[in-house]
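Asker: Structure below; questions to follow.
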Amino acid sequence: MVDALTDLFILRSPPESIRSDNGAEFIAKKVRAWIGAVGAKTAFIAPGSPGENGYCESFNSRFRDELLNGEVFYTLREAQILIERWRRHYNTVRPHSALGYRPPAPESIVPMDQRPTMH
């Protein structure tokens, strides 16, 4: 992806600044170096700034409040199972206010007696 952006910047010139979260330290240093190499300035998102990174901050807050703060994981497998269960609920059952209190990907269940039959 970085190569594609670099090519785009060569064709159209780099933007004045590139917004990025701070990421892991190792990645952040590479991103900062790349941004400088293409001639743009960094505009990092301040940690914990919902106004600058609303979707991610909102999701992370709900994930922490609805799952992580109430669980102690004793094994990696237990964490995988509980997180997957929460993810499915979040996407298929839990109402989202931005979607008119509907889930983003509701489950479709067709009762056995209402399925089309072949004659």
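Asker: Could you list, ordered by first residue, the pairs with Cβ atoms under 6 Å in which the first is in the stretch 41-69 and modelled with pLDDT of 80 or more and the second is loosely packed, with under 13 Cβ neighbours inside 10 Å and outside any helix (DSSP H, G or I), at least 6 apart or interchain?
Answerer: Pairs that qualify, where the first residue is modelled with pLDDT of 80 or more and the partner is loosely packed, with under 13 Cβ neighbours inside 10 Å and outside any helix (DSSP H, G or I), are Lys41/Ser17.
Asker: So for the stretch 72-93 (the condition being part of a loop (DSSP other than H, G, I, E, B), at pLDDT 80 or above and either open to solvent by less than 60 Å² (accessible area, probe 1.4 Å) or at positive phi (or both)), does at least one residue qualify?
Answerer: no
The values are calculated or read from the model by the stated rules, or taken from the named source; none is laboratory data. All figures in this text were calculated on a predicted structure; none of them were measured in a lab. Cβ sites come from the backbone with ideal geometry, for glycine too, and all protein chains shown count toward neighbours. Just the protein is used for accessible areas: all its heavy atoms, side chains included, with ligands, DNA and RNA removed. Shrake-Rupley method; radii C 1.70, N 1.55, O 1.52, S 1.80 Å.
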